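Rule-based calculations on the coordinates, nothing more; no lab input. Quantities reported herein were computed from a predicted structural model and do not represent experimental measurements. Cβ coordinates were reconstructed from backbone atoms using ideal geometry, including for glycine residues, and neighbour counts include every protein chain displayed.
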6 protein chains.
Amino acid sequence: MEVLIVRDRRIDYDGSAIQSHWAYRNFGILGNSLVVFRGKCNVKVEEMIDIEDLRQKKEIKSDDMVHYIIEVFDFPNVLLASALQKLFIAKLCEVLADYGVKTARRGDDIYVNGKKLSISIATVSPVSIKMHIGINVEANGIPEGVEAVGLKEIGINDIEGFMEKTGKALVEEFNKVKRDSLKVRWAQ
Amino acid sequence: MEVLIVRDRRIDYDGSAIQSHWAYRNFGILGNSLVVFRGKCNVKVEEMIDIEDLRQKKEIKSDDMVHYIIEVFDFPNVLLASALQKLFIAKLCEVLADYGVKTARRGDDIYVNGKKLSISIATVSPVSIKMHIGINVEANGIPEGVEAVGLKEIGINDIEGFMEKTGKALVEEFNKVKRDSLKVRWAQ
Amino acid sequence: MEVLIVRDRRIDYDGSAIQSHWAYRNFGILGNSLVVFRGKCNVKVEEMIDIEDLRQKKEIKSDDMVHYIIEVFDFPNVLLASALQKLFIAKLCEVLADYGVKTARRGDDIYVNGKKLSISIATVSPVSIKMHIGINVEANGIPEGVEAVGLKEIGINDIEGFMEKTGKALVEEFNKVKRDSLKVRWAQ
Amino acid sequence: MEVLIVRDRRIDYDGSAIQSHWAYRNFGILGNSLVVFRGKCNVKVEEMIDIEDLRQKKEIKSDDMVHYIIEVFDFPNVLLASALQKLFIAKLCEVLADYGVKTARRGDDIYVNGKKLSISIATVSPVSIKMHIGINVEANGIPEGVEAVGLKEIGINDIEGFMEKTGKALVEEFNKVKRDSLKVRWAQ
Amino acid sequence: MEVLIVRDRRIDYDGSAIQSHWAYRNFGILGNSLVVFRGKCNVKVEEMIDIEDLRQKKEIKSDDMVHYIIEVFDFPNVLLASALQKLFIAKLCEVLADYGVKTARRGDDIYVNGKKLSISIATVSPVSIKMHIGINVEANGIPEGVEAVGLKEIGINDIEGFMEKTGKALVEEFNKVKRDSLKVRWAQ
Amino acid sequence: MEVLIVRDRRIDYDGSAIQSHWAYRNFGILGNSLVVFRGKCNVKVEEMIDIEDLRQKKEIKSDDMVHYIIEVFDFPNVLLASALQKLFIAKLCEVLADYGVKTARRGDDIYVNGKKLSISIATVSPVSIKMHIGINVEANGIPEGVEAVGLKEIGINDIEGFMEKTGKALVEEFNKVKRDSLKVRWAQ
């Protein structure tokens, strides 16, 4: 899995990056990829993936987030998408622990002191697994009724350093998953 | 996923439980399952799944372990097997954190203070994903050269309570993974 | 497989219910589902699934039908879609036999005394198998040139009872198919 | 699907015909196949596929049966195996109805007047779906405790004619399933 | 695989024939198919499949081409699509060698004396593998900057004969691939 | 795909290298691999993969061959196995053309002047595609009735150079197949 940390500019997330081959179309990265960037979040209704959100007409937005867009081509299966997503979230919690932040993971959500730090969705396109994770930099512009928290409020101010550290950690996690899958004989 | 906690007796693990339909053959549990039991561990060479272990002629043994045997029939793919395994290990670390134990996860291994608490393997049969996780109750009978630790040494003495708590946590995690995989529309 | 019998209102079928996650979007049913409802049938050209119908510019309509919308997420394969469809049609014929009605099944069509009682289509979305079965309540509003018959003409007047009985029968059939698939060891 | 009716000799069924490529190895039939033959049935324990039977140490035997061995290579999935099996059993019931015999299908079993006419199993090999259906010619040599019936007792004496008629019917059913799977566009 | 050589008329290729079921919709050919026809080539941007071309805003056009549209339903996987494509291109080179033409194959491109003879793309729809191969009849109307060559310039003037010969060769190649896949037992 | 050319010693091929993970077990190569080595060929009956050979009790042997053992983990499908095999054989013919040798490919066989230069088999294990290609160095020890030829008889005497050149060519071909599969958007 190749990783790209976009440092030189902001990219806003409106949900369209969830489409297949987004990393290849925009950055020329072929195959499994993780692109980490920073920008606003405001997901257009027609790009919403979570049908529960659609049914409840939830808004998905934040003024400033670190975004992770992941694509895995090995095969497009929703159960694998969902399992990888939870694993990546768990890994992010482990990195946050290295920062000294105590988190609670509830499925694909990260909470700090009962406040929501992240959003995430995982699904498939006809050719790949696609995933978005967003972590609030500051808890501004969040939908009403959601108690949120951001990286700055928990003491993480070097956002670019955080992007690099987490980007590297997620790719290592995926590569370990992949490598281990190749070294086991099958069982009867 | 159905869970069975075997409380009334010890079952030793020699590796043969990694075969498909073990839970159905032995306990009549049909479909996705987690069986938690306690007993010795001494994996026969012909049952070893990790080819790296086979190449290095490693021994896999412990005098007293909590064992988790997981089978998932959704589809037999090694990448999903490996991803679910890492997620389950991360979940066990989260439960251990609830006990007040600080752990370090390295892929599918759990360490406490640099000492190895667990072993694990994940693979496929032609019809299912199969996984074994073993957690030392006490660090006895471990292969030479491995610095190990057990639950009792980290202050967890109610082993049956631990079996129940972790068994329930793993099943909840899997059910969340599964449920989330069904509520997302596909992406273009 | 969860079943929902819509008793309190009519729902017309225009073909759009064949899209993935229709049951979840409209009724909050997660996972494999069967929704049984009653209403008109008039399939819009852009929703037609059978390319043979499209090529022959067939109309698909009826003034009053019992509709079955089935979604199976296990995996989206057209051969499984087509096999399940024929099995469900065969099951409906068996239920009709319990009512004392002699039917002839031709693939996915049910005939009574040479007259067409039903329509059906089965396909896949990128994440699921989708199926529609429609059974005429009365043979009105049928395309010209089709000799049709309805439930009332063959002596079945308790339509809600029929909806319940058949809904339950189809779900039981699917559950039996699923359960049996889990209790067999693989062959060499 | 190619069909072969073995008319010139008896072949006993001991369970080994459930292995992959049996039709190719023994009759040179490449690809999807149905072989119909007549002979004793006595399944060796090591060839038993149904783990429920194994757990209950059931015997599977009969002195004289019509056997159907089916192999489908499209893809080896247990749910498709189980669905096709039930469909084939339903088709056999429809053919029996043409003979004037009233049957009751319970999943993959055929009953006449509450007596068991047939046995069946469906599973996968790593490359194919495999299925066995056996229909008693006479109800002799049946395991104790099973109330059985045979074709002769229900008035079907031309066994070779029955083998031909049913063989043809099953192949037509499969071909219809396959053909229909190719003529439908995918749904959103 | 069924083959259709369209002799009686020209068909221009604008890229839309890459959609699933094109052969069934337009010619009533069910299942795996190869349609060979002759006509202009001018691929609309919205039909472009190769994202590399899209990124570079390449034009794909030629005044006169022999076109091959292939659809394979066995299963929709991009790696199989890409492997079959290269094999078909290699086969076309072998047929050209029979004509006495020395070619160089670079992946999915055919060159004669360093000039480009062909274009090709292979992908999947949600239900099938789809492929287009185009061979210049004359090197006219080619995008600027591409050094191209056509069949007539390399001495092949009986275009219809070439369409028949290559059509037959590609189908034989596919059928050999398929047949061989059915005659091998699986390995441990 | 990683390539290993075994230069320092001879390895005889008895068919057992067709089993999954052979390259990892013997050389520590994880994932997709091509191992090229030189040695005798004498395939044991119990390792024969081609059921046609088994049915005809053919011998598969040669005193001196260049062997290619390929394993692809992307997914274990016999059609992909068979397609890749034919493509690799076509590629070997292209390399031989670079040596100035005119070959005829018949499916997965290479002929020079009507004499057989190679043998090959492709199949799946439950976790991978496996392939063997063998090319005679000299046509000695060949089964009776087979007219064979070897590399030395067609003027290729630098066997190690041939092993390197072909090994590199096959890996490049596979990598091109893989890369191209990742750069195409899916079709409707």
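For the reader, a short list of remarks on this structure follows.
- C:V124 long-range amide H proximity, modeled H, under 5 Å: C:K130, D:A187
- C-alpha long axis of helix C:78-98 to longest principal axis of chain C, angle in °: 60
- Computed E for F:E46/C:Q188 - FRET, C-beta separation, R0 22 angstrom, nearest 0.05: 0.95
- Förster radius 41 Å - calculated FRET efficiency between D:R25 and B:F27, Cβ distance, rounded to 0.05: 0.65
- Rounded to 10°, Cα long-axis angle of helix A:159-182 versus longest principal axis of chain A: 30
- Rounded D (µm²/s) - segment A:38-188, Kirkwood Rh over Cα pairs, Stokes-Einstein at 4 °C, 1.567 mPa s: 79
- Take C:S16, move 7 Å from Cα toward the beta carbon, and the resulting point lies 2.5, 2.5, 5.9, 6.1, 6.5 nm from the same point in each other copy, nearest first.
- Three-way shape label, segment E:26-75, alpha-carbon gyration tensor, a/c 1.5: oblate
- Placing +1 on the Cβ of every Lys and Arg and -1 on the Cβ of every Asp and Glu, with no other charges, gives segment F:120-188 a dipole of roughly 740 debye about its Cα centre.
- Label-to-label distance, nm, for residues given as F:I11 and E:R10 (7 Å Cα→Cβ offset): 5.7
- Among beta bridges identified by DSSP and lying wholly in segment E:1-152, the antiparallel ones come to about 85 percent.
- Summarising the strand pairing of the protein assembly as shown, around 85 percent of its internal DSSP beta bridges are antiparallel.
- What separates the D:E59 label point from its copies, with the point 7 Å along Cα to Cβ, is 4.8, 4.8, 6.4, 7.5, 8.2 nm, written shortest first.
- Euclidean distance of C-alpha centroids, segment E:122-175 and segment B:30-52, integer Å: 55
- Trypsin sites (Lys or Arg not before Pro) lying in DSSP loop within segment C:1-108, provided at most 16 other Cβ fall within 10 Å: C:R7, C:R9, C:R10, C:K44, C:K57, C:K58, C:K102
- Helical runs assigned H by DSSP (4 residues or longer) give the protein assembly as shown a calculated mean residue ellipticity at 222 nm of -9500 deg cm²/dmol, each run adding -39500 (n - 2.57) before division by the residue total.
- For chain E, built as a Gaussian network whose Cα springs stay under 10 Å, the top-fluctuating residue of E:D12, E:D158, E:D64: E:D158
- Average other protein chain Cβ within 10 Å of Cβ, residues A:124-132: 6
- Prolate/oblate/rounded label for the protein assembly as shown (Cα gyration tensor, a/c 1.5): rounded
- Between E:R106 and C:E147, the modelled labels are 6.6 nm apart [label points 7 Å from Cα along Cα→Cβ].
- With 28 Å as the limit, the listed pairs A:K130/E:K57; A:K183/E:K130; A:K44/A:K116; A:K115/A:K165; D:K44/E:K176 have A:K183/E:K130; D:K44/E:K176 beyond it between alpha carbons.
- Cα-based Kirkwood hydrodynamic radius, segment B:13-102, one decimal, Å: 14.9
- Along segment B:102-109 the Karplus relation, 6.51 cos²θ - 1.76 cosθ + 1.60 evaluated at θ = phi - 60°, assigns HN-Hα couplings of 8, 10, 10, 9, 10, x, 10, 10 Hz to successive residues, with x for each Gly and Pro.
- Charge dipole magnitude, Cβ of K and R +1, D and E -1 - the protein assembly as shown, Cα centre, debye nearest 20: 0
- Where chain B is rotated onto chain F, the residue of B whose Cβ comes nearest the axis, and that gap in whole Å, is B:P126, 3.
- For F:E2, the distances from its label point to the matching points in the remaining copies are 2.1, 4.2, 4.2, 4.7, 4.8 nm, ordered from shortest, with each point set 7 Å beyond Cα toward Cβ.
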